[in-house]
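*Asks:* Here you go, one structure.
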Amino acid sequence: MANALPYKPKPGEIPTQPGVYRFRDDAGRVLYVGKAKNLRARLSNYFAPLHTLHERTRRMVTTATSVEWTVVGSDVESLQLEYMWIQEFSPPFNVRYKDDKSYPYMAITLADEAPRVIVTRNRRIPGARYFGPYPKIWAVHDTIDLMIKVFPIRTCSDASYKKAMASGRPCFPGQIGRCGGPCSMKVTVEEHRAIVDDFVAFMAGGDARFTRELTARMREASAAMDYESAALYRDRLHAIDAVLSRSALVLADDTDADLFGIAEDELSAAVQHFVVRGGRVRGVRATTIDKELDISGADLVDQVLQRTYGAASPGEIPRQVLVPTLPEDAADLEEWLQERRGKRVTLQVAQRGRKADLLRTATLNAQQALMLHKTRRTSDYTARTKALTDLQLALGMDEAPLRIECYDVSHLSGTNVVASMVVFEDGLPRKDQYRSFGVPETTDDTDSLYQVLTRRLAHVDRDEAAAEAEAAAEHAVQEIAADAPVVMERKRPRFAYRPQLLVVDGGAPQVAAAARALEDAGHTEIALCGIAKRLEEIWLPGEEYPVILPRTSEALYLLQRLRDEAHRFAITHQRTRRKRDISTVLSEVPGLGDARIKALLKHFGSVAALSRASAEEITGLPGIGPKLAAAIEQRLARR
């Protein structure tokens, strides 16, 4: 592979002004769009020696055959142009968004003569004002049912409205009290428009004013002994309380903000967008993202904000936007948002207080959404089939790997070394066949991996022979008469049967150690690969360069989940073992029972802190005297 790109611009050709650049392939397709404050400085990163580039960046620049750029007058203009081109060209190497289309909205059709409230997933109704999104469609209908008790506006269809206005007879929803538009013959178009304005103002966060006004009217009606009107106002107040109870007050009641919780890994990200108006969470939008190139968290925030507000109306942009980390061009983003909103907008990271708490909640939701997204992709039958087929082709296997075993080694500063084996069959985890290993003496991770695989591979022929013998015995039993039952003693094998593929957590050194174990055990027929976490590269034995799977590849998702599951299982086993070890050691001290052991560990917080504690510090605990404290100190010193 040449170390320089043939289309690299000559020195001095790239300007130093802000602008937007595009990489194209030989067919003219736009592969990637990016912006820069200094085009020359940014593009020089892509034309560095190829061996120094990130694997996926190298794949993009070697796929491209040309690069072009457009100089703009300011950084804000580069934001706008980048957004426009990403929407126009949908470049494959830019991040790709997958909105959850199941979320419905409440919409008020303000462009109509008599606006109505509807439930919709269509975000392109001309002149409509949207609220939400809501998690379930019944949640929107319940909110509308309560709202029209307070603000009776039109709910009937356009056909019913036209027919009622032409005939002078109320529409059917109006006859049963379900429509408060002019078609109900109870209000004029002008009066109805005023009610619609109040409806929109309430949903936008102006609830305190309406509560005060209705409370004052109820008291006035009650004082005037107009109890029917007072009861009507009371029922409206109850409806308002019911609506507000569905969105608890989480921030100060004058807070209008959008919060973005983001969780990401090397391949994907999940975004939870909390819409807070009047201090209440009025809607939540979930988005998952496929990352083709390796981008930082700050750059991801930049892309998310551009996409969220690129086509937003001024009323949809809040006074404050809270994010997990600020992008490099935070000031330019603020200016861009202010231009779109027409008013001041601040872009901040919530550091403390209730906003930080709510941002943590959004981030927790994003983590759960990312985990669910990955799990669904792995558990879907079509996705699993494609993953196994793609894996077969990528690794050059003769058949799809129906049984895959993945290994990970975990240790604590070189001590207490353990390893895990997780098993996936047909792309799904088989937790009953997970295994854990203790590694008594080892020099490094590669030696640990060699030991563990040697132990596992020693059981391949033995367990298969036992399985064949058991099958033969069962066949013999079937030939014996039914009146002469035979009781067979079943012995569960240590492992099930040989895998088609072994996966190790690591790069070339770990794969080399695993290949040595396979060769020494005489099982080179089993395929082998390693997945390196930093770049998500797939390493094969004896290969100089890794296999790079597309970021959206189902095979890469499967390997990533295997690796993550092996890591989780190893960590869990190590923690359990450490806890068991220290409890066993302390239980050897005369006079120290389970209750006191738990109290010691809870008080000092960790085994290391307890080991460093003096006898005087241990004596401070209830029920532990100087003699017992000295015995504990001596026992831990010998550990």
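The values are calculated or read from the model by the stated rules, or taken from the named source; none is laboratory data. On a predicted model such as this, the values are computed, not experimentally measured, just so you know. Neighbour counts are summed over all protein chains in view; Cβ atoms, including those assigned to glycine, are modelled from backbone coordinates with ideal geometry. Remember, those area values only see protein heavy atoms, side chains included, never the ligands or the DNA or RNA. Shrake-Rupley method; radii C 1.70, N 1.55, O 1.52, S 1.80 Å.
*Asks:* Just one of the numbered conditions (1) in contact with a helix residue (DSSP H, G or I) (Cβ under 8 Å, 6 or more places away or on another chain); (2) within 22 Å of residue 238 (Cβ to Cβ) is not true of residue 141; which one?
*Replies:* Only one criterion in (1) in contact with a helix residue (DSSP H, G or I) (Cβ under 8 Å, 6 or more places away or on another chain); (2) within 22 Å of residue 238 (Cβ to Cβ) is unmet by residue 141, namely (1).
*Asks:* Identify, by number, the condition in (1) open to solvent by less than 70 Å² (accessible area, probe 1.4 Å); (2) in contact with a Leu (Cβ under 8 Å, 6 or more places away or on another chain) that residue 69 doesn't meet.
*Replies:* Single failed check for residue 69: (1).
*Asks:* Read through the list (1) open to solvent by 30 Å² or more (accessible area, probe 1.4 Å); (2) more than 28 Å from residue 76 (Cα to Cα), then give the number of the only condition that residue 53 fails.
*Replies:* Answer for residue 53: the failing condition is (1).
*Asks:* Sticking with this structure for a sec: Just to be sure, is residue 158 of a type in the set (D, E, K, R), in contact (Cβ under 8 Å) with a residue 12 or more places away in the chain and within 15 Å of residue 236 (Cα to Cα)?
*Replies:* Against the criterion (of a type in the set (D, E, K, R), in contact (Cβ under 8 Å) with a residue 12 or more places away in the chain and within 15 Å of residue 236 (Cα to Cα)), residue 158 does not qualify.
*Asks:* Now a separate question. List pairs: first residue in the stretch 286-302 and charged (D, E, K, R), second residue modelled with pLDDT of 80 or more and buried (at least 22 other Cβ atoms within 10 Å of the Cβ) anywhere in the structure, Cβ distance under 6 angstrom, at least six positions apart or on different chains.
*Replies:* 292/93
*Asks:* Follow-up. When both residues are 6+ apart or on different chains and their Cβ atoms are under 6 Å apart, which pairs have a first residue that lies in the stretch 595-619 and is at negative phi, and a second that is modelled with pLDDT of 75 or more and surrounded by fewer than 12 Cβ atoms within 10 Å (Cβ to Cβ)?
*Replies:* Between residues of the stretch 595-619 that are at negative phi and residues that are modelled with pLDDT of 75 or more and surrounded by fewer than 12 Cβ atoms within 10 Å (Cβ to Cβ), the close pairs are 619/626.
*Asks:* Still on this structure: Give the residues of the stretch 408-421 that are in contact with a Lys or Arg (Cβ under 8 Å, 6 or more places away or on another chain) and either hydroxyl-bearing (Ser, Thr, Tyr) or modelled with pLDDT of 85 or more (or both), sorted by residue number.
*Replies:* 408, 420, 421
*Asks:* Filtering the stretch 33-66 down to residues that are under 29 Å from the mean Cα position of the chain (by Cα) and either among the hydrophobic types (A, V, I, L, M, F, W, C) or modelled with pLDDT of 90 or more (or both), which residue is nearest to residue 16 (Cα to Cα)?
*Replies:* Of everything passing the filter in the stretch 33-66, 36 is nearest to residue 16 (Cα to Cα).
*Asks:* Another question about this same structure. Filter the stretch 439-452 for residues that are modelled with pLDDT under 80 and open to solvent by less than 30 Å² (accessible area, probe 1.4 Å) and give the result.
*Replies:* 439
*Asks:* Among the residues of the stretch 349-399 satisfying the criterion of being among the polar types (S, T, N, Q) and touching a strand residue (DSSP E or B) at 6+ places or on another chain (Cβ under 6 Å), which is surrounded by the fewest Cβ atoms within 10 Å (Cβ to Cβ)?
*Replies:* Taking the candidates together, the pick is 367.
*Asks:* Out of 147, 165, which single residue is of a type outside the set (Val, Ile, Thr) and either within 18 Å of residue 285 (Cα to Cα) or at pLDDT below 80 (or both)?
*Replies:* Result: 147 is the single residue among 147, 165 that is of a type outside the set (Val, Ile, Thr) and either within 18 Å of residue 285 (Cα to Cα) or at pLDDT below 80 (or both).
*Asks:* Also, quick follow-up: What about residue 184, is it over 23 Å from residue 256 (Cβ atoms), in contact (Cβ under 8 Å) with a residue 12 or more places away in the chain and surrounded by 15 or more Cβ atoms within 10 Å (Cβ to Cβ)?
*Replies:* So residue 184 passes the test.
*Asks:* Scan the stretch 241-268 for residues that are among the aliphatic types (A, V, I, L, M), at pLDDT below 85 and outside any loop (DSSP other than H, G, I, E, B) and jot them down.
*Replies:* Hits for the stretch 241-268 are 242, 243, 244, 249.
*Asks:* Let me ask another. Output the residue which, of all residues in the stretch 93-119 that are touching a Phe, Trp or Tyr at 6+ places or on another chain (Cβ under 8 Å) and modelled with pLDDT under 85, is surrounded by the fewest Cβ atoms within 10 Å (Cβ to Cβ).
*Replies:* The qualifying residue surrounded by the fewest Cβ atoms within 10 Å (Cβ to Cβ) is 103.
*Asks:* If residue 605 satisfies all but one of (1) among the small types (Gly, Ala, Ser); (2) over 25 Å from residue 440 (Cα atoms); (3) modelled with pLDDT of 65 or more, what's the number of the condition it fails?
*Replies:* Status for residue 605: all satisfied but (3).
*Asks:* Those residues that are surrounded by fewer than 19 Cβ atoms within 10 Å (Cβ to Cβ) and either modelled with pLDDT under 80 or farther than 18 Å from residue 432 by Cβ (or both), I need them from the stretch 565-577; list them, please.
*Replies:* 567, 571, 572, 575, 576, 577
*Asks:* Give the number of residues within the stretch 308-329 that are surrounded by 18 or more Cβ atoms within 10 Å (Cβ to Cβ), within 14 Å of residue 258 (Cβ to Cβ) and not hydrophobic (A, V, I, L, M, F, W, C).
*Replies:* So the count comes out to 5.
*Asks:* Right, something else. Which number in (1) within 23 Å of residue 278 (Cα to Cα); (2) modelled with pLDDT under 80 marks the one condition that residue 226 misses?
*Replies:* Among (1) within 23 Å of residue 278 (Cα to Cα); (2) modelled with pLDDT under 80, residue 226 violates only (1).
*Asks:* What pairs come out if I take residues in the stretch 328-352 that are within 16 Å of residue 307 (Cα to Cα) and pair them with residues that are of a type in the set (Lys, Arg) and not in a helix (DSSP H, G or I) whose C-beta lies under 9 Å away, six or more apart or interchain?
*Replies:* What qualifies is 329/35; 329/37; 332/37; 334/344; 338/344; 341/319.
*Asks:* Is it true that some residue in the stretch 10-19 is in a strand (DSSP E or B) and under 24 Å from residue 306 (Cα atoms)?
*Replies:* yes
*Asks:* What's the number of the only condition in (1) touching a helix residue (DSSP H, G or I) at 6+ places or on another chain (Cβ under 8 Å); (2) at pLDDT 80 or above that residue 295 fails to meet?
*Replies:* Condition not satisfied by residue 295: (2).
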